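Student: Sharing a structure below in structure tokens format, with a few things to ask.
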Amino acid sequence: MGAAAQTDPARPRLVVGIVVDQLRTDYIEYLQSYFGERGFKTLLTDAVYMRDVDFKVPRLDAASATAMLYTGAYPSETGVPAGLVYDTSSAAATPRLPLIASGGANITNDSFTPAGLRLSTIADELVVDAGGAAQVYSVAMDPQQAVIMAGHAGRGAVWVNNSSGNWATTSYYGALPSPVSNRNFRSSLAQRIDTMTWRPSAAFQLVPGLPEKKRHNPFRHTFSRQDRDVFKKFAASPLSNAEVTDVAIDLLRNFNLGNNPGETDMLNVAYTVAPFKYVTDGVTRAELTDSYLRLDGQLARLFEAVDRCVGAGNSVIWLTSTGYCDDAVPVDERFRIPGGEFSARRARSLLNSYLSARFGQAGYVSAIRDGQVYFDRHAIESMRLDADAVISDARAFLVKMSGVSDALTINDILSPSQPEEAALRLALDPRSCGDIIVRFTPGWNVVYDEQTPPVTKQVRESSVMTPAFLRAPGVAPQVITDPVEATSLAPTVAGAIRIRAPNGARSRGLGLKNK
């Protein structure tokens, strides 16, 4: 039925949005000779290829970058500056998208809603344009990514619950889609997880330049049900991309996406090629190479399914990276890389001691989380102190600590005078960020030892080129080498499907060549 659909020059039948966490331009170009014909090569030859997408902001993660891509606005405006945000009232890091207080959830207690997303998304605008008739679904391993991509008006968002291993959704969108529910029953990931092993794929052996150690002793990662974090580790591996593709194709076929006469549907998919942090030797290059080769195969499967369902030339495919690369892994001490350990507990104790000696006894600093220092404003007000003066003194003391390269107060960021301050202004939400933002010295380990369980983060600053692709009917393939602002991608896709850009989009769409 789908293959017989005729091309509509005015409007595509289906939009496929693909977000690949930490996708890099250099790896795509390095490995393009080893890709198959129907995955990345299809995009490299038939799509607009943007080699350098500039997000302009630091501190991105999968959730904040996805919100930025789908709204065309910066994290300071989307309401999603990070996947987890420290909540001063509960003294804990909480998901940025709020949970449903009542009404329960389906399969999982991770019942997220898009209520914390302050702007409309490209998916929302598509549904509004269709008067509610357009079908929008999203598939991801991460719940917040899935919800952001489905938007406020989508039909459904599904993800894998980290506790049960089942595909899950939220009561915000209604019942778990039947194809996904059937998959949980007949082919549950929880039932198969012990049998799954990640070894190098066949194409991996053809790639030159890999460490000889990895060739003679290939990596092998297993996933044991006895490990409480097994589904989290699985989600970080490229094997999870195959599960995502399976569910995406199930939704595509069972709901006849793209075959609603006169309407355009949307299928959103989230993949990952993030460096695998669970290596035991601190070297991720071999696993990273194999992740790209495996992703190429999953893209080929998805593209072939789309063409079969809606017909070649009846779809828009939009693929982009999340714009950052977190390749920090522990480095063995024998390599003697300069570094040290910064303890959040010790830093908070020293700050409070210093400020108590300076202004009087009190607990001024309530927490240090994710490189941000949170002050107890009530304690400062009760002592009738000038909060700005206290915070400024704390900053001057903090920058003298070992492992700290710089620190900026919230006032510095809200009235930026330097490029770094301006970038942080776009990256941070003043409603939820700390009073001081700390920049740590690369090579150091930051230990957040006041939370349970403690979290250690290795500091490494990596700036890499990240790509985007757009394949659309009537748009000529081309390569754009100049930097493209990430906020222009959503308006560009909106233009390709003849709808309004999201309501908070900061940039105009790109002027692309027609065929």
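Student: So ASN314 clears everything in (1) open to solvent by 10 Å² or more (accessible area, probe 1.4 Å); (2) farther than 18 Å from GLY39 by Cβ except one condition, right? Which one?
Tutor: With respect to (1) open to solvent by 10 Å² or more (accessible area, probe 1.4 Å); (2) farther than 18 Å from GLY39 by Cβ, ASN314 is out only on (1).
Student: Still on this structure, I have one more. So, in segment 225-240, of the ones that are polar (S, T, N, Q) and assigned to a loop (DSSP other than H, G, I, E, B), which residue ends up modelled with the highest pLDDT?
Tutor: SER237
Student: Would it be correct to say that PRO477 is in contact with an Asp or Glu (Cβ under 8 Å, 6 or more places away or on another chain), more than 24 Å from ALA63 (Cα to Cα) and of a type outside the set (Asp, Glu)?
Tutor: yes
Student: Can you tell me which residue in segment 154-208 is farthest from MET141 (Cα to Cα), limited to those that are out of contact with any strand residue (DSSP E or B) (no Cβ under 9 Å at 6 or more places or on another chain) and of a type in the set (Val, Ile, Thr)?
Tutor: VAL207
Student: Let me ask something else about it. Looking at (1) open to solvent by less than 20 Å² (accessible area, probe 1.4 Å); (2) over 23 Å from TRP167 (Cβ atoms), which is the one condition that is false for ASP46?
Tutor: Evaluating ASP46 over (1) open to solvent by less than 20 Å² (accessible area, probe 1.4 Å); (2) over 23 Å from TRP167 (Cβ atoms) leaves (1) as the failure.
Student: While we're looking at this one, here's another question. Please find, within segment 93-122, the residue that is surrounded by the fewest Cβ atoms within 10 Å (Cβ to Cβ) out of those that are modelled with pLDDT of 90 or more, in a loop (DSSP other than H, G, I, E, B) and among the β-branched types (Val, Ile, Thr).
Tutor: It comes out as THR113.
Student: Conditions first: (1) of a type outside the set (D, E, K, R); (2) outside any loop (DSSP other than H, G, I, E, B); (3) surrounded by fewer than 16 Cβ atoms within 10 Å (Cβ to Cβ). SER90 passes all but one, so which condition is the exception?
Tutor: Result: SER90 passes all but (2).
Student: Look at segment 317-341 and say how many of its residues are farther than 25 Å from PHE276 by Cβ and buried (at least 16 other Cβ atoms within 10 Å of the Cβ).
Tutor: Count: 2.
Student: Report yes if ASP388 is part of a helix (DSSP H, G or I), open to solvent by 60 Å² or more (accessible area, probe 1.4 Å) and not basic (Lys, Arg), otherwise no.
Tutor: For ASP388, the condition - part of a helix (DSSP H, G or I), open to solvent by 60 Å² or more (accessible area, probe 1.4 Å) and not basic (Lys, Arg) - is met.
Student: Looking at segment 31-76 only, could you name the residues that are more than 14 Å from the chain's Cα centre (by Cα), acidic (Asp, Glu) and part of a loop (DSSP other than H, G, I, E, B)?
Tutor: GLU37, ASP52, listed by residue number.
Student: Ok, one more. It is to be established whether one or more residues within segment 310-333 are closer than 22 Å to LEU14 by Cβ and of a type in the set (Phe, Trp, Tyr).
Tutor: yes
Student: Let me ask another. Out of segment 206-224, which residues are surrounded by 12 or more Cβ atoms within 10 Å (Cβ to Cβ) and either polar (S, T, N, Q) or in a loop (DSSP other than H, G, I, E, B) (or both)?
Tutor: Hits for segment 206-224 are VAL207, LEU210, PRO211, PRO218, PHE219, THR222, PHE223.
Student: Moving to a separate point now. Does segment 262-279 include one or more residues that are under 26 Å from ALA202 (Cα atoms) and more than 19 Å from the chain's Cα centre (by Cα)?
Tutor: Yes: segment 262-279 contains one or more residues that are under 26 Å from ALA202 (Cα atoms) and more than 19 Å from the chain's Cα centre (by Cα).
Student: Check whether at least one residue in segment 241-257 is part of a loop (DSSP other than H, G, I, E, B), of a type in the set (D, E, K, R) and surrounded by fewer than 20 Cβ atoms within 10 Å (Cβ to Cβ), and report yes or no.
Tutor: No, that holds for no residue.
Student: While we're looking at this one, here's another question. Could you count how many residues in segment 323-346 are over 21 Å from LEU60 (Cα atoms) and at pLDDT 90 or above?
Tutor: 11
Student: In this structure, is THR272 open to solvent by 40 Å² or more (accessible area, probe 1.4 Å), at pLDDT 95 or above and among the β-branched types (Val, Ile, Thr)?
Tutor: no
The values are calculated or read from the model by the stated rules, or taken from the named source; none is laboratory data. Not measured: the values here are computed from a predicted model. Please note: Cβ atoms are built from the backbone with ideal geometry, for glycine as well, and neighbour counts cover all protein chains shown. Protein only, heavy atoms only, side chains kept; ligands, DNA and RNA dropped before computing areas. Shrake-Rupley method; radii C 1.70, N 1.55, O 1.52, S 1.80 Å.
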